[in-house]
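One structure below.
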Amino acid sequence: MPLRLYNSASRRKEVFKPIENGRVGIYVCGVTVYDLCHIGHARSAVVFDVLVRYLRARGYGVTYVRNFTDVDDKIIERSKRTGVDTATIAERYINAFYEDMRALGVLDADVEPRATEHIDDIIDMMRRLAEKGVAYAVGDTVYFSVEKFDGYGQLSGRRLEEMVAGARIGIDEKKRHPMDFVLWKGAKPGEPKWESPWGEGRPGWHIECSAMSCRYLGENFDIHGGGRDLIFPHHENERAQAMAANGVNFANYWVHNGFVTVESEKMSKSLGNFITIKDALELYHPQELRLFLLSKHYRSPLDFSPAALAGARSGLIRIYRTLQRLEETVGPYRGSTKGRMAPFLARSDGDNLKNHFVRVMDDDLSTAGGLGLLFEKVREINRCLDSSLPRKDTRAQLMKERSDLLDCGKVLGLLEEEPSKFFEEIIETPPELDAEEIEGMVQERNTARIARDWTRADAIREELFKRGVILEDAPGGTKWRLKLEGSAKSLEEEGD
RNA sequence: GGCGGCAUAGCCAAGUGGCUAAGGCAGCGGUCUGCAAAACCGUUUGACACCGGUUCGAAUCCGGUUGCCGCCUCCA
C-alpha cells in the first residue's frame, strides 16, 4: 500500500512517488528569528518531524532541509527598537528555537540553512530571472514580474485578475503590475546589506527559500512544506521564482499544516492570543504537548485549551502506566526509543499493530488514527497483564507487543521516556515526605491491615493522600506513587 | 467583495459509499478489593449541522441553507 499525501497544489490526496526511487527531498519553511516561537510554530515543526520520521520508517532515505530566515523587516525593526544588531537578534532566537525543538523532541533537519549564508545563491537566481526578463529593477528595488510567469496563481488557486480586484493592499506605483513582488530591497542607512548587481541591499523574503531549496535538493524536488498561511503569497512566489529561473517544475508535493487556534481563532502574533513554547513547557510536559499536537489531523485546525491538554495528559499517563506494568512483568525495554528512525515498517506484513499503523499513517499521515491504534494496543496489553495466564507463555508475546508499541510511538516522537522518569517529570510539586517516611507509614498501615484495623489503615491512607501520595494494594504488596498535581481535574478547574 | 476549509455523542477526535460509526477524556454501573486505587467489562435512549438530490444503499458523492474559521497584508 502506497503512502498518500494531500497535495495543496492539486487540492487532493495523491499517491506519493518520489523523483528518485527510495529517496525523498523535503524542504520546510522554518521560522523568522525575531521572537520566541509559539505553539503554532511547534505544531508545524512536530508535524513535519513526524512526516520525516515516518518516511524514514517506511524505508526512504530522506534529505530534510529546514531554513532560518535571519534577515527581514521584522528583525530590522526589532533591532532598531532595541538597539541590538540584527545578527545578535537572529542568533538569540535561533538558539531559543533549538531549545524549544529539543524539548519537544523535534529532531534536527539534515540541512538548516540561513538566508544570510546564501546571498550568492540568491543573487545567482535573480540574475537568471533578470536575463529572462522576469525581473526588473526600479531604482534600488528589484521586482518579480508576475505577468511573465504563466503559472502564477496555480498553487494557491487564484487568478491574477481576481487577486487584483480583491486586493486590500495599497498599490505600489513603482510596480508594473500590482501583484509584482520584491526580490531585492535597497538598504537604508544602518540596515544590513550585501553587494549585488543592483546595488547594496538585502533579499526579499520569498527568494531565499527558492534559492536554498534548489541549492540543497535540486531544481525539482519532492516535498515542500509549511504552515497553511504560507501558501499565499510566500509559496506561490517561491514557486514562481524557481520555475521561472530554472524552467522546470519546483516541488512535486506541497504539504501544509493547519493552524493552532485559541477559542477557534488563529493563534498569531498580531492577534496577541499566542502562547510561547517556553510558557507552555512551564505548564505542560513536552510529551503531553506533543501528544496534543498530534491528536488531530495535521491539516485541520487544532484548538488549544487547558482542557484539551488535560486530556492529552490523562491519555499519556494511561499509556505510561501500562509501560510501567510491562517493566514490572517483563523487565526494562532494551531497544531505542529516541533519535532517528530505522526503517522498521518497510517489509512487515500480517495482522499486527505496525501494519495497522502503516495503513492509517499512509492515509495522509493520520496521526490521530495512529494514536487510536496505540490506545487499543494498550488496552489489549492490560487485558493480558490482568489475566492469570501462565507467565511463560505470555512473556515473549508481551515483549513483542511492547516493542511494536514503542516503535510506533517513536514515529510519533512519543513514549520516549522510561516510565519512572516520565512520572517523576510530570509531578509538579515535590512530595512533602521522603521515601523512607512513606515506607514507614505504609508498613504501619499494613500492620493495621493484618490486624484488620480498617479504620486505622484508612486513616493512614487518607493522611498520605493529603500529603500527595496514592497507595495501591496490589497482589504483590502495597505500592505507592505520588499524586499528579497537574492531573486532568485540577487543570480543567484552572482553565475555566 | 473574491477564493478556500470545517461542522461526528457531555468534551476531544478517527472514519469519507455497504458488517454492531475507531480511540481518548469525563460521568455512571459492574468485576477485582476489607474499602479504595489501578486495570478490565459494560454504559451515556436514534453522535454524523439543516434541506434537497444521485444510489439498491450516504456521515461518506452532488446542489443549496445556516454557523464557525482561514487566505486575499507580515504570519507555522
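Derivation of every value follows stated rules applied to the coordinates shown; laboratory data play no part. Predicted model only: the values in this text are computed from it and were never measured. Heads up, the Cβs are rebuilt from the backbone with ideal geometry, glycines too, and the neighbour counts pull from every protein chain shown.
Which condition number does A:Ser264 fail, the rest of (1) closer than 25 Å to A:Ala115 by Cα; (2) hydroxyl-bearing (Ser, Thr, Tyr); (3) touching an Asp or Glu at 6+ places or on another chain (Cβ under 9 Å) being met? Unmet for A:Ser264, out of (1) closer than 25 Å to A:Ala115 by Cα; (2) hydroxyl-bearing (Ser, Thr, Tyr); (3) touching an Asp or Glu at 6+ places or on another chain (Cβ under 9 Å): (1). Just one of (1) closer than 18 Å to A:Val330 by Cβ; (2) surrounded by fewer than 15 Cβ atoms within 10 Å (Cβ to Cβ) fails for A:Leu415. It is (2).
Restricting attention to segment A:1-59, the residues being of a type in the set (Val, Ile, Thr), touching a strand residue (DSSP E or B) at 6+ places or on another chain (Cβ under 8 Å) and part of a helix (DSSP H, G or I) number 3. Of the residues making up segment A:206-235, those that are crowded, with 20+ Cβ neighbours inside 10 Å, in contact with a helix residue (DSSP H, G or I) (Cβ under 7 Å, 6 or more places away or on another chain) and part of a helix (DSSP H, G or I) are A:His206, A:Ile207, A:Glu208, A:Cys209, A:Ser210, A:Ala211, A:Met212, A:Cys214.
Restricting attention to segment A:200-253, and to residues there that are aromatic (Phe, Trp, Tyr) and touching a residue at least 60 places away in the same chain (Cβ under 8 Å), which single residue is farthest from A:Leu155 (Cα to Cα)?
Start the filter on segment A:200-253 by keeping residues that are aromatic (Phe, Trp, Tyr), which leaves A:205, A:216, A:221, A:232, A:250, A:253.
Imposing the further condition that a residue be touching a residue at least 60 places away in the same chain (Cβ under 8 Å) reduces the set to A:205, A:216, A:221, A:232, A:253.
Details: A:Trp205: 18, A:Tyr216: 22, A:Phe221: 16, A:Phe232: 8, A:Tyr253: 10 Å.
Going through the qualifying residues, I end up with A:Tyr216.
For the residues A:Leu302, A:Leu291, the requirement of being crowded, with 18+ Cβ neighbours inside 10 Å and in contact with a strand residue (DSSP E or B) (Cβ under 6 Å, 6 or more places away or on another chain) singles out A:Leu302. Inside segment A:443-455, residues that are within 11 Å of RNA strand B (Cβ to nearest atom) and exposed (fewer than 15 other Cβ atoms within 10 Å of the Cβ) make up a count of 5. Note on segment A:65-84: among residues that are closer than 13 Å to A:Tyr34 by Cβ and assigned to a loop (DSSP other than H, G, I, E, B), the one that is farthest from RNA strand B (Cβ to nearest atom) is A:Val84.
Condition test on A:Arg321, is it part of a helix (DSSP H, G or I), in contact (Cβ under 8 Å) with a residue 40 or more places away in the chain, more than 20 Å from the chain's Cα centre (by Cα) and under 22 Å from A:Ala109 (Cβ atoms)? It would help to see each step written out before you state the result.
On the way: part of a helix (DSSP H, G or I): yes; in contact (Cβ under 8 Å) with a residue 40 or more places away in the chain: yes; more than 20 Å from the chain's Cα centre (by Cα): yes; under 22 Å from A:Ala109 (Cβ atoms): no.
No: the conditions fail for A:Arg321.
Here A:Ser268 fulfils each of the conditions (1) in contact (Cβ under 8 Å) with a residue 60 or more places away in the chain; (2) in contact with a Pro (Cβ under 8 Å, 6 or more places away or on another chain) apart from (2).
When you look at A:Phe344, is it within 9 Å of RNA strand B (Cβ to nearest atom) and among the hydrophobic types (A, V, I, L, M, F, W, C), yes or no? Walk me through it before giving the result.
Values: within 9 Å of RNA strand B (Cβ to nearest atom): no; among the hydrophobic types (A, V, I, L, M, F, W, C): yes.
No: the conditions fail for A:Phe344.
Residues are listed down the side, and each one gets a yes or a no for (1) within 28 Å of A:Asp124 (Cβ to Cβ); (2) more than 6 Å from RNA strand B (Cβ to nearest atom):
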residue: A:Gly226; (1), (2): yes, no
residue: A:Pro233; (1), (2): yes, no
residue: A:Glu238; (1), (2): yes, yes
residue: A:Met243; (1), (2): yes, yes
residue: A:Gly247; (1), (2): yes, yes
residue: A:Ala251; (1), (2): yes, yes
residue: A:Val255; (1), (2): yes, yes
residue: A:Glu265; (1), (2): no, no
residue: A:Ser268; (1), (2): no, no
